[in-house]
Amino acid sequence: MTGPLWRLGSPEARFSIIFYADLECPYCKSYSPQLRQWIDTHQDVSLQWHHLPLSIHEPAASQEARLVECAGQAGGHEAFWAAVQWVYAHTRSDGQGVPNLEAFPGMSKALKTCMSGEESARIVQAQAGEATASGITATPSLRLVDRTSGRSLVLPGPVPGDSLLSAIDMLATNDPAEAKATVSPDTPASAEDDTPR
């Protein structure tokens, strides 16, 4: 993945959940705290963020992605996740953005320079391109990775904790194609936006 792997949870965890998210996606906004809370109670699973700002939410989604990316570069993993929480707490969602990004706690000249610089834009654009190239075009989406076997499984939409556990069990012991069938299909995101079907 291009750019730093912003992680929550143990770097030694056997399983990683890559969270493909848009900071303007209302479903990501409501799902993110649930997913983070679930990660906190499952020590064998870590969470990694992957930027996927959707075109329907631009330019706000990319501006916010650059803010959290720069906050992480300045302060590490904890600062990154705190910035994600702040954006989700203040955005009006659906491309309407945060009324005043300047109000971000810790906003500094260095942070503004990073946000307007080429590096933060390159990281966000590259991650979005990587997601699209791998067939992920909707948010929220999750990629569950078993670091022991190297197998992975894409799970669309907000995935409840019990379904995540089922997918982990299936990925660890069986064919990943079987795991897909056990994941709740009730709220998958559609192909081009973040609206559940």
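The values are calculated or read from the model by the stated rules, or taken from the named source; none is laboratory data. In this text the structure is predicted, and so the values were computed from the model without any measurement. Cβ sites come from the backbone with ideal geometry, for glycine too, and all protein chains shown count toward neighbours. When the accessible area is computed, the model is the full protein with side chains, heavy atoms only, and any ligands, DNA or RNA have been set aside. Shrake-Rupley method; radii C 1.70, N 1.55, O 1.52, S 1.80 Å.
List of remarks:
- A single entry from GLU58, GLU69, GLU64, GLU102 fulfils the requirement of being of a type in the set (Asp, Glu), more than 14 Å from the chain's Cα centre (by Cα) and at pLDDT 95 or above: GLU58.
- Every residue from region 97-151 that is outside any helix (DSSP H, G or I), touching a residue at least 60 places away in the same chain (Cβ under 8 Å) and more than 24 Å from PRO26 (Cβ to Cβ): VAL145, ASP146, ARG147, THR148
Matching residues to (1) open to solvent by 30 Å² or more (accessible area, probe 1.4 Å); (2) assigned to a strand (DSSP E or B); (3) of a type in the set (Val, Ile, Thr):
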site	(1), (2), (3)
LEU5	yes, no, no
PHE19	no, yes, no
SER32	no, no, no
ARG36	yes, no, no
GLN43	yes, no, no
PRO53	no, no, no
GLU64	no, no, no
GLY72	no, no, no
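- For region 114-125, a residue qualifies if it is within 15 Å of ALA61 (Cα to Cα) and open to solvent by less than 30 Å² (accessible area, probe 1.4 Å), and the qualifying residues are SER120, ALA121, ILE123, VAL124.
- Answer residue from region 21-30, given it is open to solvent by less than 10 Å² (accessible area, probe 1.4 Å) and of a type in the set (D, E, K, R) and is nearest to GLN96 (Cα to Cα) among those: GLU24
- Close contacts from region 157-171, counting a first residue that is part of a loop (DSSP other than H, G, I, E, B) and a second that is open to solvent by 50 Å² or more (accessible area, probe 1.4 Å), with Cβ to Cβ under 7 Å and a gap of 6+ residues or different chains, come to GLY157/THR187; PRO158/TYR27; PRO158/THR187.
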